[in-house]
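Participant: Just dropping this structure here.
Here, each number is a calculation from the coordinates, and none is a lab measurement. Since the model is a prediction, treat every value here as computed from it, not as a measurement. Glycine gets a Cβ as well: all are built from the backbone with ideal geometry, and neighbour counts include every protein chain shown.
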Amino acid sequence: MIVWGRNNLKAIILAAGEGSRMRPLTYTRPKVMLPIANKPILEHLLIEAMKADIREFVLIVGYHDERVRDYFGYGEKWGVTIDYCKQKRQLGTADALRMARGLVNGNFLVINGDIIVGHKDINGLTQRNDNTLSIVEVEDSRDLGVVELSGNKVTHIYEKLERPFSHMVNAGLYLFTPDILDAILQTSKSPRGEYEITDSLQLMIDSGRHISYQQISYWLDLSYPWDLLPASERLLAETKTQNLGKVEENAVIKGVVSIGTNTVVRSGSYIVGPVIIGQDCDIGPNCYIRPYTSIGDNCHIGSAVEIKNCIIMKGSKIPHHNYIGDSVIGEECNFGAGTKIANLRLDKREIWVANLDTKRRKLGAIIGDRVETGINACINVGCIIGNNTHIGPGAIASGFISPDSRIY
């Protein structure tokens, strides 16, 4: 039961975009609905805001908005109220707020829906009364909005500098007064063809308005598919043990493991937490599930299968003599017996995907929905496989594979 305090702020969560850098995982769902530790990114964010005593939400939706609406409804499950505003064309964050103009009164929070921030930082922001931008210190500030500071105010916001001069970046969490809405009406399109809230803030700064900042401590930024794996590790570390299913005799459960309703863990299975397994799953017999693995609802992990540090979405079957490591597997995939995914280069160097350094020495595959493999198929490190692809018996898959492909 949630006991509400005196916080009457509304939170607008920006959840309209596809997240094209997350493809193929976002071909059938918006980025905010990608699961981590068996909950969508957006649900983790909603829960953190609830812990900060926020009870009214406006979700700006657009791309595959039915996935968001069907999952969250009007907030009854969480004891909050949720309103929706549809952004038919994704023309930027300022455009999204312009559409929600009539849904807020007084000060309000704005949160990018594709990040996860902590409730303590959200709560700190709710105590302020002026336009405030949250900032966070990162190791690599390329591809992020670098923030220039002076004293207790923001003096400039730079978007995606090739050679950033600072490690302080915009965290995508704001407290706004109604003044921001007037600035949004004056905001022009950016070079990227969007109306951006950072440009609205820069207009206010340039006109002499004071924009405050708050440095936050907890921030998960999710830009590329492989970013889901460290985020999963962090969130699974907070998982609590529960068993709502059935664990047969001679199954071994070590560490923190959460098992969902009607799931059966069969004899000989060896599970080392932190691990979360959804409902209606069939696990084992004689499989090995290693730490930092999440398995969605209605999955089958069968005999002589080893899973390590993976996100496996609902309805996927990995039933016979498979190895899956450091990978993200979409919904309703089916792997033939003996299918293996490599997750480490022979030279042990960091893995690159499409000219991008993942900064990971271990990375398996990013696999979209409804991918099927034949017996003894092999998938190389850093392979990206689009939805509805078939990989035949004994075939080797490498690099980027488009949706609906046939590899033989």
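Participant: Under 8 Å for C-alpha pairs, at least 6 residues apart: give me the relative contact order for region 10-223, rounded to a whole percent. List each step's numbers first, then the result.
Facilitator: Values: 426 pairs, mean separation 49.2, N = 214.
Relative contact order here is 23 percent.
Participant: Along its three principal axes, how long is the chain when you only count alpha carbons? Whole Å, largest extent first please.
Facilitator: 66, 47, 36
Participant: Please list, in order along region 303-314, the HN-Hα scalar couplings obtained from phi with the Karplus expression 6.51 cos²θ - 1.76 cosθ + 1.60 (θ = phi - 60°), rounded to whole Hz, x for Gly and Pro.
Facilitator: Those phi angles translate into 5, 6, 9, 10, 10, 9, 6, 10, 10, 10, 7, 4 Hz.
Participant: What is the projected area of the convex hull of the Cα atoms of region 282-387, averaged over all directions, in nm²? Walk me through the numbers on the way to the answer.
Facilitator: Values: hull surface 24.4 nm².
With the hull built on Cα positions only, its mean projection is 6.1 nm².
Participant: Viscosity 0.692 mPa s, temperature 37 °C: give me the Stokes-Einstein translational D for region 83-223 in µm²/s, with Rh taken as the Kirkwood radius over C-alpha pairs.
Facilitator: Details: Rh = 15.4 Å.
Approximately 213 µm²/s, per Stokes-Einstein.
Participant: Under 8 Å for C-alpha pairs, at least 6 residues apart: give me the relative contact order for the chain, rounded to a whole percent.
Facilitator: On the way: 1106 pairs, mean separation 42.5, N = 408.
That works out to 10 percent.
Participant: What trypsin sites (Lys or Arg not before Pro) in region 4-54 are in a loop by DSSP, with at most 16 other Cβ atoms within 10 Å of the Cβ?
Facilitator: Working: sites: ARG6, LYS10, ARG21, LYS31, LYS51; in loops: ARG6.
Listed in order of number, the matching sites are ARG6.
Participant: Another question, if that's okay. Report the gain in length on full extension from GLN215 to TYR71: 0.36 nm times residue separation, minus Cα-Cα distance, nm rounded to one decimal.
Facilitator: On the way: separation 144, 0.36 × 144 = 51.84 nm, distance 3.19 nm.
That works out to 48.7 nm of additional length.
Participant: Okay, moving on. Sum -39500 (n - 2.57) across every DSSP H segment of at least 4 residues in the chain, then divide by the residue count to get the 222 nm mean residue ellipticity, nearest 500. Let's see the in-between values first.
Facilitator: Working: 7 runs with 60 residues, N = 408.
Using -39500 (n - 2.57) per qualifying helix, the result is -4000 deg cm²/dmol.
Participant: Please give the per residue volume of the convex hull enclosing the alpha carbon atoms of region 68-116, rounded to a whole number of Å³. Don't skip to the answer; put the middle values down first.
Facilitator: Details: hull volume 5.6 nm³, N = 49.
In region 68-116, the Cα hull volume divided by residue count equals 115 Å³.
Participant: Tell me, rounded to the nearest percent, the portion of alpha carbon pairs in region 80-142 spaced more than 16 Å apart. Could you put the intermediate results ahead of the total?
Facilitator: On the way: 1183 of 1953 pairs.
Value for region 80-142: 61 percent of Cα pairs lie more than 16 Å apart.
Participant: Can you work out D for region 176-221 in µm² s⁻¹ from Stokes-Einstein, where Rh is the Kirkwood radius over C-alpha pairs, the temperature is 20 °C and the viscosity is 1.002 mPa s? Mind showing how you got there, number by number?
Facilitator: Values: Rh = 12.0 Å.
Roughly 179 µm²/s, to the nearest whole number.
Participant: Next up: Using alpha carbons only, how many angstrom separate the centre of region 156-208 from the centre of region 332-351?
Facilitator: Between the Cα centre of region 156-208 and that of region 332-351, the gap is 41 Å.
Participant: Given a Förster distance of 51 angstrom, what is the FRET efficiency for ASN152 paired with HIS390, based on the Cβ-Cβ distance and rounded to 0.05?
Facilitator: Details: r = 58 Å, r/R0 = 1.14.
So, using R0 = 51 Å, E works out to roughly 0.30.
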